[in-house]
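Beneath this line is the structure, given in structure tokens, with notes to follow.
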Amino acid sequence: MSASTTTNCISSGSPAILLDIDLSNQFNGPFIGFVLSTILLGGVIVQAWLYIFHNKDPWGLRALVAVLVLLDITTTILNTFVIHLTMVKHFGNVFESSSPKTIRYQLIGSAISVTIIFIVQVFFASRVYILKRVPSWISGFIMFCAVGAFVFGLFVVIDDIKDPSIATLQRTKTQVEFGICHSLAALCDIVVTAALLWSFEISKTGFKETDTLLQNLLQYTLTRGVLATIVQLCLVIVYFTNLNSQNWAAVQYCESKVSVITMVAMLNSRATIYERGTAVMSVNSGFIDISNMQNVISSPQNNGQFNNHDLEEGYSLESAKHQAEHTDLQSKGKAGVLKLHEYTYSANQE
């Protein structure tokens, strides 16, 4: 790796004294990435804390969130080791950033980041499939992109483990694998976002409260998709525009944290949507599930009371407000239902 180094030495019968050395070309990327990722780790911890005290999800989903958060914390610990080695333990050593030990720490962190992104993308791909608002081949394509990004990401890590050097990252084979990995990841996020947006849009019923809830879901989904896609595209652009530096590390250190924050934030957003919503609710766990239940129509005898219905798993609680509005809904043949069930987004429109 070429380095722009300016060294002024004073020697007077004693060892040279190092007065100034410019290591920005080697360390700008990792240092900036470390600072930004540490800040984002605070966001991960805040979202995890909110999730712990507000979720009523099954243990499977809780375990998934816990694993993602712990893996993400692990990447920060590994990044800390890298910064300590290059800027503290071996301060002034221009070759330490490209030493096998330092590169291995970075590679382990990269492998964990790729795994985190893969898990998050599979999670959202499964939501698209459960929605059944788009053709099943779209769900298959999303899975193809997620698996492809994961596999090529591991290829990059394996190649570098065999030959832990900066030169390995500059080889054509590694460049191709890196480009395919993050391009597929970006494409996956784009398709997931488009599929969810389309699913929510076509599920609008004309019922103001339900449509408002769907609009909130549209906003959360779009925000998550835009952030995830921008991170992946920026990583590809920075990597290929300056192959002789590690500036790409500034983005790479942050990508897993963006994925974890956006996923857990969407899970936590259910509480806000729940407070805004006054539709029929199935009290269970998970993401938001909007369904059209033709038979869930209140009867005059139940005015001002909650109805209980067996909706797959959990109990439906019908709001008092909608008791008065159900006469209109019955004439239109529509009923908006907001369920919290099995961490899914789904929407069925008559």
* Asked: Which is part of a helix (DSSP H, G or I) and within 19 Å of the chain's Cα centre (by Cα), of 194, 167?
  -> 194
* Asked: Got a sec? Which of 147, 134, 94, 114 is modelled with pLDDT of 85 or more and in a loop (DSSP other than H, G, I, E, B)?
  -> 134
* To do: Please find, within the range 118-149, the residue that is nearest to residue 248 (Cα to Cα) out of those that are buried (at least 20 other Cβ atoms within 10 Å of the Cβ) and touching a Cys at 6+ places or on another chain (Cβ under 9 Å).
  => 149
* Can you name the residue in the range 173-207 that is touching an Asp or Glu at 6+ places or on another chain (Cβ under 7 Å) and of a type in the set (Val, Ile, Thr) and, of all such residues, is farthest from residue 142 (Cα to Cα)? -> 205
* **Subset of the range 189-229 [among the β-branched types (Val, Ile, Thr) and either modelled with pLDDT of 85 or more or over 18 Å from residue 269 (Cβ atoms) (or both)]** => 190, 191, 192, 193, 202, 205, 221, 223, 226, 229
* **Matching residues, the range 256-297, being of a type in the set (A, V, I, L, M), modelled with pLDDT under 50 and either over 24 Å from the mean Cα position of the chain (by Cα) or surrounded by fewer than 21 Cβ atoms within 10 Å (Cβ to Cβ) (or both)** => 279, 280, 281, 283, 293, 296, 297
* Restrict the check to the range 207-220 and report whether at least one residue is crowded, with 22+ Cβ neighbours inside 10 Å and in a loop (DSSP other than H, G, I, E, B). => no
* Scan the range 33-49 and give yes if some residue there is of a type outside the set (Lys, Arg) and modelled with pLDDT under 90, otherwise no. => yes
* Asked: Within the set of pairs 6 or more residues apart or between chains, which connect a residue that is outside the structural domain of residue 120 (by TED's automatic domain parsing) inside the range 168-191 to a residue that is of a type in the set (A, V, I, L, M, F, W, C) and in a loop (DSSP other than H, G, I, E, B) with Cβ atoms less than 9 Å apart?
  -> none
* To do: Starting from the range 239-255, take each residue that is assigned by TED's automatic domain parsing to the domain that holds residue 167 and buried (at least 21 other Cβ atoms within 10 Å of the Cβ) and list its partners that are part of a loop (DSSP other than H, G, I, E, B) and of a type in the set (S, T, N, Q), counting only C-beta distances under 8 angstrom and pairs at least six apart or across chains.
  => 248/242
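The values are calculated or read from the model by the stated rules, or taken from the named source; none is laboratory data. Quick caveat: nothing in here was measured; it's all calculated off a predicted structure. Here the Cβ is made from the backbone with ideal geometry for all residues, glycine too, and neighbour counts use every protein chain on show.
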